[in-house]
Amino acid sequence: MAAVVLALASCHKAATSDDAFGAKVRAYLLAHPEVLVEVSQKLQAKQAAEDDAAQKKAAASLPALRAAIERDPHDFVVHPEGAVTVTEFYDYRCPHCENAAPKVLALIHADPRVRFVFKEMPIFGPTSDHAAQAALAVKAAGGDALGLYQAFMTTRPLTDAAIDRLALAHGAPAADLAPDGPFAKSVRAQLARNAALFDKLDLGGTPAFIVGDRIILGEDMDAVRAAVAQAEAGRA
């Protein structure tokens, strides 16, 4: 569209009014709608090429970041002895993370060979930060962190009051839910590390999954399961 407008602009004198110019652009596009299709296709191709380049760049950085992605002792991990590691970056208030959550849980329950790393990545503001702190408090106290994950993902709206209520019910010490306590300080440091890792991998949004050398963006759990199956086959 921008290319069309620029091309037309070169054909008009500077004195042409904005209204007249806009009318001529509109008339041209109405007479030649195929131009919009062509521009849309080129834009999609350009975006796809940029996404592919970003994915390749991020994948190239995986070996150097492997330990931080998969072996941070502060993360909650299910099936820690599993042979294939899946790491998810997520926010409890992200609708796409919410959509993926039942399938994440199904994968965990169906395959004990999957070592699943929950990487807190709050991107929706203070309430999301509070949810991440509460989840890490449950994990640190040895509570039911997986149960809390499910509860957070199925509670809407997930308010600060609901976060505290659910976290206490799943084993969080009340003191660790305070916004200014020593535990909160350690959580902020952990979330800063996660955010730096998220940026280095150029993940862009949540949810984002990493399985071996594959990065899977969005709630494409079919792709996650396929990557897990491929990784398990490679170990067989």
Discussion item. Can you tell me which of (1) under 24 Å from Ile69 (Cβ atoms); (2) in contact with a Lys or Arg (Cβ under 7 Å, 6 or more places away or on another chain); (3) of a type in the set (A, V, I, L, M, F, W, C) is the one Leu158 doesn't meet?
Written reply: (1)
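Filter region 193-220 down to residues that are assigned to a loop (DSSP other than H, G, I, E, B), in contact with a helix residue (DSSP H, G or I) (Cβ under 7 Å, 6 or more places away or on another chain) and not polar (S, T, N, Q), then give me how many there are.
The first filter runs over region 193-220 and keeps only residues assigned to a loop (DSSP other than H, G, I, E, B), leaving 201-207, 212-213, 218-220.
Right, trim to in contact with a helix residue (DSSP H, G or I) (Cβ under 7 Å, 6 or more places away or on another chain) and you get 201-202, 206-207, 212-213, 218-219.
This time we only want the ones that are not polar (S, T, N, Q), so: 201-202, 207, 212-213, 218-219.
So the answer is 7.
Out of the residues in region 186-217 that are small (Gly, Ala, Ser) and under 20 Å from Arg115 (Cα atoms), which is surrounded by the fewest Cβ atoms within 10 Å (Cβ to Cβ)?
Of all residues in region 186-217, those small (Gly, Ala, Ser) come to 186, 189, 192, 195-196, 204-205, 208, 212.
Adding the requirement that they be under 20 Å from Arg115 (Cα atoms) leaves 208, 212.
Details: Ala208: 23, Gly212: 16.
My answer is Gly212.
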Item to complete: For Ala231, work out the one condition from (1) without any contact (Cβ under 8 Å) to a residue 24 or more places away in the chain; (2) out of contact with any helix residue (DSSP H, G or I) (no Cβ under 7 Å at 6 or more places or on another chain) it doesn't fulfil.
Response: (1)
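Go through region 156-175 and give me each residue that's of a type outside the set (A, V, I, L, M, F, W, C) and closer than 25 Å to His79 by Cα. Give the steps one after another, and end with the answer.
Restricting attention to region 156-175, the residues satisfying the condition of being of a type outside the set (A, V, I, L, M, F, W, C) are 156-157, 159-160, 164-165, 170-171, 173.
Those that are of a type outside the set (A, V, I, L, M, F, W, C) and closer than 25 Å to His79 by Cα: His170, Gly171, Pro173.
Just give me the residues in region 21-36 being loosely packed, with under 11 Cβ neighbours inside 10 Å and either aromatic (Phe, Trp, Tyr) or more than 40 Å from the chain's Cα centre (by Cα) (or both), in sequence order. Lay out the reasoning, then the answer.
Kept after step one, since they are loosely packed, with under 11 Cβ neighbours inside 10 Å, are these residues of region 21-36: 26-27, 30-31, 33-34.
Selection gives Ala27, Ala31.
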Item to complete: Kindly check whether there is at least one residue in region 172-180 that is modelled with pLDDT under 95 and farther than 15 Å from Val86 by Cα.
Response: yes
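The values are calculated or read from the model by the stated rules, or taken from the named source; none is laboratory data. Small disclaimer: the values here were computed from a predicted structure and weren't measured. Note that we place each Cβ from the backbone using ideal geometry, even for glycine, and neighbour counts take in every protein chain shown.
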